[in-house]
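The structure appears right after this line, and notes come after that.
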Amino acid sequence: MSDVTRQTFNEVMVPNYQPADIIPVRGAGSRLWDQQGREYVDFAGGIAVNVLGHCHPKLVAALTEQAGRLWHLSNVMTNEPALRLARKLTQKTFAQKVFFCNSGAEANEAALKLARRHAQTRFGAHKHEIISFVNAFHGRTLFTVSVGGQEKYTKGFEPLPGGITHLTFNNLAEVEARISDKTCAVIVEPVQGEGGITPATPEFLKGLRALCDKHKALLIFDEVQTGNGRTGTLYAYMQTGVTPNVLTTAKGLGGGFPIGAMLTTNEIAQSLPFGTHGSTYGGNPLACAVAEAVLDEIGRPEVMAGVVRRAEQLREGLNSLGRRYGLFEPVRGAGLLIGAPMSAAWKGRAKEVVNAGLKHGVWCLIAGPDILRLAPSLVVGEADVAEGLRRLEAACAELAAMPKAAGA
Ligand SMILES: *Cc1c(COP(=O)(O)O)cnc(C)c1O
């Protein structure tokens with residue numbers, strides 16, 4: 001028996017999380033094992049992070065190889081893995097310049113600070129307003145929760161940074177009415193993740209691009225959740241016909257090792273000259289060595305083709321479960337970022353499906369109380385998907401058979 005248990009969490013951890021009752025101790029591919037040796041199919045992927053599953057041999061090799069060479073320098077010196085990773089990111093995207101950090105929130109913090117400084121130095125202090133969207137999620141620093149569009153995350157933390165306007169997602173007319181020459185940036189998720197797996201319409205993104213161009217505002221795509229192959233291309237913008245001025249990435253970039261990055265153009269990058277921003281750990285050799293291996297692996301056409309096939313299999317399986325048990329409605333999302341909205345009869349009860357799933361050996365996520373969310377490994381196998389769906393079916397059957405009062 002281990003001497004730490006779920007109870008230990010309550011004793012020694014700040015109560016800002018409420019983790020599940022089980023404690024996984026080992027993972028391989030899309031399977032996890034808990035302290036009791038019970039096995040789970042992982043459809044959560046560490047919240048869209050473990051793009052290559054658990055302990056992928058190429059990532060283990062990259063990490064252990066780097067671990068025997070060099071761990072950390074700080075940014076007083078640069079390092080080879082960071083330079084190689086930055087070169088790969090610029091070769092594969094619109095960007096020519098990269099800033100490394102350790103998380104999605106930090107990547108967005110950098111993007112927003114860059115937008116402010118860019119506008120201020122080029123046009124003057126009046127051009128500082130940021131437009132973002134209701135239900136958006138951009139991270140948990142004070143600036144990024146303030147730009148995010150979910151009040152529950154800012155409540156109690158006031159006073160908040162100013163100059164931020166929240167508009168309705170996918171409503172271009174509203175943006176057109178509110179954007180002005182005082183706007184320094186519009187920030188948007190190509191698919192709202194935490195906010196409920198809601199894809200932006202192509203017209204909305206194209207319209208934002210045109211409005212930003214007209215008002216000389218930067219268009220920032222927050223691809224922290226949609227990036228790194230999750231939607232079937234390296235970044236989701238590649239399917240939209242719209243190129244942002246700044247792109248933020250994290251989550252899947254490290255495949256489970258903490259790293260974030262902000263990507264932008266040569267010209268805009270000049271607005272963060274020496275000394276204006278930084279991070280001690282940003283560009284850490286261990287993180288960059290792992291991320292380089294992630295990019296190499298998800299850059300293989302077979303991996304992206306697998307995303308499309310597994311997404312199809314999962315969507316069909318979930319839609320079939322939805323029809324047969326009535327818990328949720330047809331799924332939405334992009335690639336292996338999938339949301340199943342709970343049906344009217346099960347409104348607000350997505351968490352019950354997750355809990356029942358764990359009982360039957362499958363780990364799923366929610367995106368708010370009304371959306372069951374799946375974000376498995378991009379290399380999840382056909383048999384793992386089939387087995388996960390079987391276990392999820394057992395969970396759905398159990399919930400659907402419950403006397404109404406018991407679940408209410
Ligand atoms: C998860 C997420 C973030 C925050 O990333 P952290 O690494 O938790 O700071 C920001 N934006 C989006 C779209 C996310 O999904």
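Of (1) open to solvent by 40 Å² or more (accessible area, probe 1.4 Å); (2) touching a Leu at 6+ places or on another chain (Cβ under 8 Å); (3) not assigned by TED's automatic domain parsing to the domain that holds residue 288, residue 51 satisfies all except one. Which?
Residue 51 satisfies all of (1) open to solvent by 40 Å² or more (accessible area, probe 1.4 Å); (2) touching a Leu at 6+ places or on another chain (Cβ under 8 Å); (3) not assigned by TED's automatic domain parsing to the domain that holds residue 288 except (1).
Find the residue count for the stretch 64-90, including only residues that are surrounded by fewer than 20 Cβ atoms within 10 Å (Cβ to Cβ) and either among the charged types (D, E, K, R) or within 22 Å of the chain's Cα centre (by Cα) (or both).
So the answer is 7.
For the stretch 377-402, give me each residue that is among the acidic types (Asp, Glu) and touching a Leu at 6+ places or on another chain (Cβ under 9 Å).
393
Mind listing whichever residues of the stretch 161-189 are within 15 Å of the ligand (Cβ to nearest atom) and either of a type in the set (Lys, Arg) or over 21 Å from residue 141 (Cα atoms) (or both)?
Within the stretch 161-189, 169 is the sole residue that qualifies.
How many residues are over 23 Å from residue 241 (Cα atoms), open to solvent by 10 Å² or more (accessible area, probe 1.4 Å) and of a type outside the set (S, T, N, Q) if we restrict to the stretch 91-114?
The number of residues fulfilling the criteria is 7.
Go through the residues of the stretch 302-311 one by one and say whether even a single one is open to solvent by less than 40 Å² (accessible area, probe 1.4 Å) and either of a type in the set (D, E, K, R) or over 19 Å from residue 51 (Cα atoms) (or both).
yes
I need the full set of residues from the stretch 212-245 which are closer than 18 Å to residue 336 by Cβ, of a type in the set (Val, Ile, Thr) and open to solvent by less than 10 Å² (accessible area, probe 1.4 Å), in order please.
226
Within the group 117, 140, 122, which residue is within 12 Å of the ligand (Cβ to nearest atom) and open to solvent by 60 Å² or more (accessible area, probe 1.4 Å)?
After applying the criteria, what remains is 140.
How many residues does the stretch 360-385 contain that are open to solvent by 30 Å² or more (accessible area, probe 1.4 Å), touching a Lys or Arg at 6+ places or on another chain (Cβ under 9 Å) and within 14 Å of residue 395 (Cα to Cα)?
1
Check residue 65 against each of (1) outside the structural domain of residue 337 (by TED's automatic domain parsing); (2) touching a Leu at 6+ places or on another chain (Cβ under 7 Å); (3) not in a loop (DSSP other than H, G, I, E, B) and name the one condition it does not meet.
The failed condition is (2).
Specify the residue that is farthest from residue 365 (Cα to Cα); the eligible residues are those in the stretch 182-191 that are in a loop (DSSP other than H, G, I, E, B) and in contact with a His (Cβ under 9 Å, 6 or more places away or on another chain).
182
Looking at (1) of a type outside the set (A, V, I, L, M, F, W, C); (2) crowded, with 20+ Cβ neighbours inside 10 Å; (3) without any contact (Cβ under 8 Å) to a residue 24 or more places away in the chain, which one does residue 292 not meet, given that it meets all the others?
(3)
Somewhere in the stretch 160-170, is a residue of a type in the set (Ser, Thr, Tyr), surrounded by fewer than 24 Cβ atoms within 10 Å (Cβ to Cβ) and more than 21 Å from residue 208 (Cα to Cα)?
No, every residue in the stretch 160-170 fails to be of a type in the set (Ser, Thr, Tyr), surrounded by fewer than 24 Cβ atoms within 10 Å (Cβ to Cβ) and more than 21 Å from residue 208 (Cα to Cα).
Search the stretch 387-404 for residues that are of a type in the set (A, V, I, L, M) and pair each with any residue that is at pLDDT below 95 when their beta-carbon atoms are under 8 Å apart and the residues are at least 6 apart or on different chains.
Close Cβ pairs (under 8 Å, with a partner that is at pLDDT below 95) amount to 399/407.
Do we find a residue being in contact with a strand residue (DSSP E or B) (Cβ under 9 Å, 6 or more places away or on another chain) and in a strand (DSSP E or B) anywhere in the stretch 382-397?
no
State the number of residues belonging to the stretch 113-140 that are of a type in the set (Gly, Ala, Ser) and assigned to a strand (DSSP E or B).
1
Could you grab me the full set of residues in the stretch 143-157 that are assigned to a loop (DSSP other than H, G, I, E, B) and away from the ligand (no atom under 13 Å from the Cβ)?
Scanning the stretch 143-157 gives 154, 155, 156, 157.
Tell me which residues, restricted to the stretch 84-112, are away from the ligand (no atom under 15 Å from the Cβ) and part of a helix (DSSP H, G or I).
84, 85, 86, 87, 88, 89, 90, 91, 92
Hey, among 283, 278, which residue is among the small types (Gly, Ala, Ser) and surrounded by fewer than 24 Cβ atoms within 10 Å (Cβ to Cβ)?
Result: 278 is the single residue among 283, 278 that is among the small types (Gly, Ala, Ser) and surrounded by fewer than 24 Cβ atoms within 10 Å (Cβ to Cβ).
The values are calculated or read from the model by the stated rules, or taken from the named source; none is laboratory data. Fair warning: this is a prediction, and the values are worked out from it, not measured in the lab. Glycine gets a Cβ as well: all are built from the backbone with ideal geometry, and neighbour counts include every protein chain shown. All accessible areas refer to the heavy atoms of the entire protein, side chains included, with ligands and DNA or RNA removed. Shrake-Rupley method; radii C 1.70, N 1.55, O 1.52, S 1.80 Å.
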